[in-house]
1. Give the residues of the range 265-280 that are open to solvent by 50 Å² or more (accessible area, probe 1.4 Å), closer than 21 Å to residue 344 by Cβ and either hydroxyl-bearing (Ser, Thr, Tyr) or in contact with a strand residue (DSSP E or B) (Cβ under 6 Å, 6 or more places away or on another chain) (or both), sorted by residue number.
2. Of all residues in the range 225-249, how many are out of contact with any helix residue (DSSP H, G or I) (no Cβ under 6 Å at 6 or more places or on another chain) and either modelled with pLDDT of 95 or more or open to solvent by less than 60 Å² (accessible area, probe 1.4 Å) (or both)?
3. Please verify whether residue 283 is of a type in the set (Val, Ile, Thr) and open to solvent by 80 Å² or more (accessible area, probe 1.4 Å), treating the condition exactly as stated.
4. Filter the range 158-189 down to residues that are more than 36 Å from the chain's Cα centre (by Cα) and touching a residue at least 24 places away in the same chain (Cβ under 8 Å) and give me whichever is farthest from residue 95 (Cα to Cα).
5. Yes or no: the range 311-331 includes at least one residue that is within 29 Å of the chain's Cα centre (by Cα) and open to solvent by 80 Å² or more (accessible area, probe 1.4 Å).
6. Search the range 394-406 for residues that are closer than 16 Å to residue 470 by Cα and pair each with any residue that is of a type in the set (Lys, Arg) when their beta-carbon atoms are under 8 Å apart and the residues are at least 6 apart or on different chains.
7. In this structure, does residue 140 turn out to be modelled with pLDDT of 70 or more, on the phi > 0 side of the Ramachandran plot and open to solvent by less than 90 Å² (accessible area, probe 1.4 Å)?
8. Mind checking which residues of the range 530-546 are without any contact (Cβ under 8 Å) to a residue 24 or more places away in the chain and either open to solvent by less than 60 Å² (accessible area, probe 1.4 Å) or under 22 Å from residue 377 (Cα atoms) (or both)?
Amino acid sequence: MSDKPVLVVPEARVIRDELQRLVLADLLGPLEGEHEEFTREDPLDRYPLGRLAPRGEVIEPDTQDELAESPAAEPEEGGQEPSAPNMASLALSSIGFTATVAGDVGQLEVRAKWARYERVEAETEEGLPDRVWRRVPLEGVVTVALAEGLLPPVPVVAGSPDVVVRGRARGHDGAWLVSLFLENRQSPGSGRASADWLFQVELSAAAPDGSEVFLPRPDLSPGGHQIDRVEQRGLAMAYRFTPEFAVGHGAAVHADRLTERSSRAIRLTTRTVPHVEMPATDVPDPVRDPDLAALRDVVLDMTRLADLAEGPPEDLAAVLRPLVTGYRAWIDQRAEEVEAPEAHLDGHRDEAAAALATARRAADRIEAGVELLESDADARKAFGFANRAMARQRLHTIAADERREHPSKLLDDVVAEVDEPRNRSWRPFQLAFILLNLPSLADPRHVERSEEADKGLVDLLWFPTGGGKTEAYLGLTAFTLAIRRLQPSHGGLRADEGVAVLMRYTLRLLTIQQFERATTLICAAEVLRRQDTPTWGSAPFRIGLW
């Protein structure tokens, strides 16, 4: 017999794609194939997405189960508020999009797809007659000539004169601004006439020869504050390979391009449920990436950094400085790429230069943090405290998760099991973020803490969920707690008392999770304080939740 398993565990991507397919089939349809039949459900109940009502169709509140059963909200506290107003509303009868088309294009081929559900007689599996809903797929292509003004409505398929494509074309800077719609112009029937509705609706457009005719949407809002305009130009540079080709009306729009870096699109298609593949933001790996070879000498182990902080200053600086040289080498590589044709930075040179200048300033700030640790004993001692506290926080967090699955294990035993460098190490961006903020946290009079608008500085740490933002600012929190204990008096104010750090969260569950992680850090800091009260004071470290 073969030792291979009968069933192979699919990859996470395969599971995700299958889950997505099942959800769309369930909510959008068709669930049981192109010509499905079903008896027990009304199509309007079966498929809530991707449908167009007859023009002027009104949705009465008593046809919506949730609204019909929800009690009226009482004005006093404690009353249950309904999820939507208890009033009639118009149903969507058209979808479409507006796009920019090259000015030399004279016409577009517009394809529309939808399905009807007809009530018909059919035989059941037992051979008995029964009335069922049968899906009838419909599809058609119409040619739309581009001319200034309204584009007259054109029926898509014979036998359905009231399902039309219509739109409007306007000239703009030598191109066309084209709006296209698929509309259900049937008159509303009585009650919930499902046979008059269109389901699984889709509208697409392309040039007759399939050429690249759709241009990125023009910037029609040049006004606003100067800072906002600068940010918008920077975003346009950063996302120049993912331009926006259309704005949807009642639907999202997907653009097909020849390559991922094509500046034009060949086809636009509406999507009732939009989806996009977001590439993972991986943490740089100096071992595997030759461009980051300079980072291989950086020490990321928190425990080792804490030990080095207690030794000669130059030893600590030596294991941190490669972070600066490696980052500057990476910036120099990007600067060389700016002039390359494949960078596609025409029109974005100023924004690219500004981004490089910002990166170089960050490198200077990281270097200033390293120099501070080399020259300032208090900062070095606080840095060692922060690393030791963070190592404890990381290990106890991992151990707590392990003990939830194996409650019989002793905590100290589990901590010892997981106490290895990979469980107590920084990611390079986390350590860099901490270093660039050390000078301003160690010196209350630092220029970056100035109230003057052109001098004060606030850092925004952006990284996708799960990338390690929390660990980065918890490290800064630990440093702040420690440095305040070493600088107890400033201008008559007690730095070792009062509130040192404020954290604000707007989502309740996220607040609880982050509070748990912060509390673990405070507990670790308190253990270290009790082990060395002459250095860290007699007042305990505390945390509160409001």
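1. The answer is none; no residue qualifies.
2. Final tally of qualifying residues: 8.
3. On the way: of a type in the set (Val, Ile, Thr): yes; open to solvent by 80 Å² or more (accessible area, probe 1.4 Å): no.
No: the conditions fail for residue 283.
4. Within the range 158-189, the match that is farthest from residue 95 (Cα to Cα) is 189.
5. Yes, because at least one residue in the range 311-331 is within 29 Å of the chain's Cα centre (by Cα) and open to solvent by 80 Å² or more (accessible area, probe 1.4 Å).
6. 394/424; 395/424; 397/517
7. In short, no.
8. 530, 531, 532, 533, 534, 538, 540
The values are calculated or read from the model by the stated rules, or taken from the named source; none is laboratory data. Since the model is a prediction, treat every value here as computed from it, not as a measurement. Note that we place each Cβ from the backbone using ideal geometry, even for glycine, and neighbour counts take in every protein chain shown. When the accessible area is computed, the model is the full protein with side chains, heavy atoms only, and any ligands, DNA or RNA have been set aside. Shrake-Rupley method; radii C 1.70, N 1.55, O 1.52, S 1.80 Å.
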